[in-house]
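The values are calculated or read from the model by the stated rules, or taken from the named source; none is laboratory data. Note that the coordinates shown come from a computational prediction; the quantities given were computed from them, not determined experimentally. Here the Cβ positions follow ideal geometry from the backbone for every residue, glycine too, while neighbour counts run over all protein chains shown. SASA here: full protein model, heavy atoms, side chains in, ligands and nucleic acids out. Shrake-Rupley method; radii C 1.70, N 1.55, O 1.52, S 1.80 Å.
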Amino acid sequence: MENNDINENTIVCVNCPRGCRVRVQSQNGEITNITGYQCDLGIDYAKEEFKNPTRILPTTVRVKGGELELVPVKTARPIPKSRIGEAMRELAGVKVQAPVKRGEVVVEDIAGTGIEVVATRSIALSQDQDNTGKKKETS
Amino acid sequence: MKAEYDVIIIGGGVVGTAIARELSRYQLKICLLEKDADVATGTSKANSGIIHAGYNAAKETLKSRLNIESNPQFDRIARDLKVPFQRIGSLVVAFAKEDISRLKKEKQVGLDKGITGLEILNQEELRQKEPEIHPEARAALLAPTAGIISPYLLTIAQAENAVKNGAEIRLKSEAVDIKCKSGAVSAVVTRDGSELNSRVMINAAGLYADEIAALVGENYEITPRKGEYNLFDKEYGDLVNHVIFPMPSEESKGILITPTVEGNLLLGPNSNPVEDKEDLAVTRDGLEEIWEGGRSLYPDLPADGVIASFAGLRASLPGDDFKIEALEEPVGFIDVAGIQSPGLSSAPAIATMVRDILADIAPALPEKLALREADFDPELKKLPSFQDYKERLNKWQDIFLQNPDYGEIICRCEHVTRGEIVAELKKEFTSATLNGIKRRTRAGGGRCQGGFCGPRIAEIIAEKLGISPLEVTKSGPGSEILWARVKDVKPDRDLVYGLGDNK
Amino acid sequence: MMREHQLVIIGAGPAGLAAALEAEKAGIEDIVLLERDEYLGGILQQCIHNGFGLDYFGEELTGPEYAERFIDDVRESSVKIRLKTMVLNISSDKKIIAINEEEGMIFLKAQAIILAMGCRERTREAIKIPGTRPAGILTAGTAQRFINIEGYLPGKEVVILGSGDIGLIMARRMALEGAKVKGVLEIMPYSSGLVRNKVQCLDDFGIPLKLQHTVDYIYGKQRLEAVDLIQVDDNFNRLPETRERIECDTLLLSVGLIPENELSRDMGLKLAPGSGGPLVNELRETEIPGVYACGNVLQVHDLVDYVSEEAEVAARGAANFIRDSLKKREKEIIIEPGSGINFVIPHKISYQDESRKLIRHFLRVDEPRENIKIVIRDEAGSRIASFGREIVTPGEMETVKLPETLISEGTDRLNFSIEAEGVEENGKQ
Ligand SMILES: Cc1cc2nc3c(=O)[nH]c(=O)nc-3n(C[C@H](O)[C@H](O)[C@H](O)COP(=O)(O)OP(=O)(O)OC[C@H]3O[C@@H](n4cnc5c(N)ncnc54)[C@H](O)[C@@H]3O)c2cc1C
Ligand SMILES: Cc1cc2nc3c(=O)[nH]c(=O)nc-3n(C[C@H](O)[C@H](O)[C@H](O)COP(=O)(O)OP(=O)(O)OC[C@H]3O[C@@H](n4cnc5c(N)ncnc54)[C@H](O)[C@@H]3O)c2cc1C
Ligand code: SF4
């Protein structure tokens, strides 16, 4: 809700074990004052975290015909925090074909962020399939 | 569905399975019903595992007689059924002067009853046998015929052997009703609605024997009394060499310490009445109580050596004796109730007593029943177990060469191979649950308590049964260990908070 | 049949992998790497989160990425790898017995051995929670393996006991995969996890962290149904009036890691209190000459980067042992943890080595403190070095590099302790 009230948010700085609770005061979404940090890293962090909090998202997606059922992946760059839920939902539907190489792009643009999702582990073909990639019936 | 049996046994504890095995010596159609996913899930799984010498049954009781009668039979039973059993002897330890005279009296009672080898040890002799015992322990009564056994392996083996000799065991089959016809039992109804006809019903339902008896109009009450335990890491298994009892009180034999056949150390039980027959919870107070008890015998018990705590429930009847008898009405109903301690030690004689009762009532049954001996194989074959090869590992190679599954370790703590698990699952009688496999092979029973091998065993079970690992249970329906496949569940869109502002 | 090798490494996690590479680099040609799992990389393969490698590679990687950098190199090397091979026993004369499904029983003899078996998690029994024993209680690491490798979610409503990094990471992991995480409990007044993990794994998802709380009771016959939470005071006394019942079907335990000591113990190695693993000198050599230990089997590390580094130290030690080019000090120096410090690794300094200038020590403090100094004193009590720190916590391993020139010839004991800032200083940083 936009109004002229002064808001205060507490952001815990993650740059060192001290974990300062940096207080960010803002008006209409603009930072007016920052307190509670013990070094400059805290200011930068709190600004960034206030304006555009982003995270690397590490997770997994399904693999077809691989030695394992899942391949670990991550977003190639941090994505906005608010897109994480959507990204997970999208990734739930992704299935890649083995073999997978580490670094291979699994999704080109995750949750409309324009950011790639890449494999973080190589997955070889499953042993119980022949080299044509056809799966032997095992169930 | 209708089925015809000569005898139905209700309850797959050590007692029910001992009876099933005993009766499978005869040409009888036998069915044992067990409500849970395995046998030995009631009192027979959680107890001290002691085959008592019998001396502590000072009064003239049925349980005392059956215990003394059974004790000498265990060497044979253990050999036939390949159940680990060791006659390590027991010691009742006296601290006060007065207690020594009590021990002497106990000894005399025991000798009179035919228990052999009883002996009073003085302080020095005691210390020699048990160097770590409390320094103030003065004397002890040694009963060399006492032993330790795995109570659930005994129960499982009795079941397997009964099945081998033609008995049928139905797991997950709870008896909920008994039908009678003209003054005689005729059928049992199970929870799933099946009706099983039989001329004889044997009530070996442990804690629930009163409820089964009530189905035929009997009226008695079984009250549960809880006993709690601590199990110590194998590292401490040789802290004690005998079953060590304190001086017994009126109600109980007290909190004891004993090695187990698996090589762990066991401390317990206390004895507290509880309301609920399913109350197997371990309590903080209870654990403190047994800890105190343990420390008074062995001051140096290692507090951080405990790897598991559990509780068992005694099924006690007023009068505190076994109740083993046939009813006059309905004909064909035999009670085997109130089998509290020493029920394990008495199981063989209980079974023969039931056989005798059955022979007695047979002529009175609506359709005649004769006890004719059948071909009976008392033995079970021992399957290869890696544990047994610890001292001669090169010999395991021969087993491996027959089947490479015996080269793949599944349980890393207890060193159980895939071959052993698969062999267990192939048996005619088994329980394809994680607990079932754990008890039979020890897989998942080690220090990490199945942390690593749990999923792997679940996969083996799933493959064997042709089900999804999601359906594999720890101990029967309702105890599934997994919820869903990853990615089949989707999180909410707004999973993540906009701005971290948590206190 | 007993095969002989120069160097046998047990465990192919980051410690074993780095040790193998470093030993090869040091000129050892006959190296065998035994791993019980079906893949290389150890625990890292299930740690799919980022946060690895900043120290070692100067870039932030996930666990599998970090592992794969070593795996690629090991695959190219002359190191002989045996997967799905479980070591069952090691004797003090360095005979190794292992088993796998291809060869069955395997009997090896080694000139030198590096133990790199990692650690295991403490279970419920280690903390003795009263109640029933239903399905649904598992360690956080097991859950991590279930979810990230096997592909199964163990439950839908989760309480996590223990706020170390593994507990925090798993809170996020389960939340991301659609489970409801009802809270993380921590019996201490502080979390032992990284601040970053607390923020990104809990705060981001609105998962409460309850400090000075523990599980008091477990309910459920077949599957877990609920737990009682309870608050504790500063002396860990439970406060009954704070008891609160929370419904959940899953309880994850993240209550500590302990070195995988089975083999070490069986071979007769003494275990050090504090660090929990075998006693070692600065080359990570155990009491049995030629047997080395590194990584989590020696001390539970929180940074894999240090694991790799430690493994390299051990590997160079083993290589020199094989070549017989080590020179003992006249007197061994015993390292003692003093006030404020739980343990220091190495436990002693045994060798003379002109080529090295610094000896790196790892240590863990006993509680969080700000503006302190890590002070090293000799047997006479005189301070030989001191290292200022703005903040130390038990959750983050400290390291100090002690210049060898500061250790005088006759020294036989060094004491490490925490002292308040501002005390007069006569050593150098
Ligand atoms: C703490 C403790 C310590 C003990 N220590 C010893 C000892 O050291 N030595 C010794 O000799 N004895 C000991 N005992 C006694 C011994 O354990 C018991 O006497 C013995 O296990 C009783 O066996 P059971 O077969 O009668 O009962 P249980 O093992 O309880 O078997 C009854 C079975 O019936 C099943 N059942 C119940 N209702 C139904 C139904 N409606 N339909 C189908 N199945 C049903 C149950 O699921 C259960 O499996 C101890 C007991 C306790 C509690
Ligand atoms: C959940 C979790 C999260 C972590 N997060 C981070 C992080 O964010 N950043 C960071 O830097 N560090 C992190 N760490 C720490 C780091 O991952 C570990 O310190 C490191 O992996 C330890 O390496 P290791 O080689 O000693 O042990 P492991 O990786 O455990 O490897 C030991 C290997 O030995 C094998 N083995 C054991 N016994 C035998 C036997 N008898 N025979 C054959 N093989 C055997 C095992 O199978 C295993 O592969 C985390 C650790 C955990 C558990
Ligand atoms: S503001 Fe500075 S001192 Fe405070 S937590 Fe951040 S980095 Fe550490």
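Go ahead and collect, in residue order, the members of the stretch C:255-274 whose backbone nitrogen is under 20 Å from a label point 7 Å along the Cα-Cβ direction of C:Ser91. What the label zone holds, given the 20 Å backbone N cut-off, is C:262-270. The shape of the stretch A:6-51 comes out prolate: with a ≥ b ≥ c from the C-alpha gyration tensor, a/c is at least 1.5 and a/b beats b/c.
Round to the nearest 0.05 the FRET efficiency obtained for B:Asn219 and C:Arg243 when R0 = 35 Å and r is the Cβ-Cβ distance. For B:Asn219 and C:Arg243, the calculated efficiency is 0.30. Remark: the stretch B:47-88 projects, on average over all directions, an area of 3.4 nm² (convex hull of Cα atoms). If you sort B:Asp192, C:Asp55, C:Asp203, B:Asp321 by accessible surface, 1.4 Å probe, largest first, the order is B:Asp192, C:Asp55, B:Asp321, C:Asp203. Overall, the protein assembly as shown carries a charge dipole of about 1520 debye about its Cα centre when +1 sits on the Cβ of Lys and Arg and -1 on the Cβ of Asp and Glu, all other atoms neutral.
Adding -39500 (n - 2.57) for every DSSP H run of four residues or longer, then dividing by how many residues chain A holds, sets the calculated 222 nm ellipticity at -4500 deg cm²/dmol. Only Cα sites of the protein assembly as shown enter the Debye sum here, all with the same form factor; the resulting log10 I(q)/I(0) across q = 0.07, 0.08, 0.10 1/Å is -0.72, -0.93, -1.33, listed in q order. Accessible surface for the protein assembly as shown, divided over its residues, is 41 Å² per residue with a 1.4 Å probe. With the largest listed first and rounded to whole Å, the semi-axes of the equivalent ellipsoid of chain B from the Cα gyration tensor are 35, 34, 24. The accessible area of B:Tyr389, taken with all protein chains in place and a 1.4 Å probe, comes to roughly 40 Å². According to the Cα-based calculation, Rg over Rh for the stretch A:58-119 is 0.95, with Rh computed by the Kirkwood formula. Per-residue ellipticity at 222 nm, computed for chain B from helices alone with -39500 (n - 2.57) per DSSP H run of at least four residues, works out to -8500 deg cm²/dmol. May I ask for log10 I(q)/I(0) of the stretch C:327-429 at q = 0.15, 0.17, 0.22, 0.24 Å⁻¹, from a Debye sum over the Cα atoms as equal point scatterers with solvent left out? Evaluating at q = 0.15, 0.17, 0.22, 0.24 Å⁻¹ gives log10 I(q)/I(0) of -0.57, -0.73, -1.20, -1.39. Projected over all directions and averaged, the alpha-carbon convex hull of the stretch C:16-109 occupies 7.0 nm². Partners of C:Lys401 within straight-line reach, counting lysines whose Cα lies under 27 Å from its Cα and excluding those fewer than 8 residues away in the same chain: C:Lys25, C:Lys270, C:Lys327, C:Lys328, C:Lys331, C:Lys348, C:Lys357, C:Lys373, C:Lys428. With coordinates expressed along the principal axes, the C-alpha atoms belonging to the stretch B:386-471 extend over 38, 28, 20 Å, beginning with the largest. Classified by the C-alpha gyration tensor, chain C has an oblate form. Its axis ratio a/c, with a ≥ b ≥ c, is 1.5 or above, and a/b does not exceed b/c. Spatially, the stretch B:59-129 and the stretch C:93-138 are offset by 39 Å when compared through their Cα centroids. Net charge in the neighbourhood of B:Pro299 (other residues with Cβ under 15 Å of its Cβ; Lys, Arg +1, Asp, Glu -1) is -3. The modelled label-to-label distance for the pair C:Arg389/C:Leu358, using points 7 Å beyond Cα in the direction of Cβ, is 1.6 nm. Taking only the Cα atoms of the stretch C:170-284, the ratio Rg/Rh comes out at 1.08, with Rh defined as the Kirkwood radius.
With 26 Å as the limit on Cα-Cα distance, the pairs of B:Lys390/C:Lys84; B:Lys82/B:Lys426; B:Lys464/C:Lys182; B:Lys234/B:Lys395; A:Lys101/C:Lys182 that go past it are B:Lys464/C:Lys182; A:Lys101/C:Lys182.
Panel note: contact residues of the stretch A:83-99 (accessible area lowered by at least 50 Å² against the chain on its own; 1.4 Å probe) correspond to A:Met88, A:Arg89, A:Ala92. For the listed peptides B:393-404, B:162-173, a ranking on the average number of other beta carbons within 10 Å per residue, highest first, reads B:162-173, B:393-404. Its DSSP H runs of at least 4 residues, each contributing -39,500 (n - 2.57), put the calculated 222 nm mean residue ellipticity of chain C at -5000 deg cm²/dmol, to the nearest 500.
Taking chain B, the Cys residues with no second Cys beta-carbon under 4.7 angstrom are B:Cys31, B:Cys180, B:Cys413, B:Cys448. To the nearest 0.05, what FRET efficiency results for C:Leu326 and A:Gln97 with a Förster distance of 41 Å applied to their C-beta separation? The formula returns an efficiency of 0.20 here. Residue pairs exceeding 20 angstrom between C-alpha atoms, taken from B:Lys59/B:Lys277; B:Lys164/B:Lys427; B:Lys427/C:Lys221; C:Lys156/C:Lys221: B:Lys59/B:Lys277; B:Lys427/C:Lys221.
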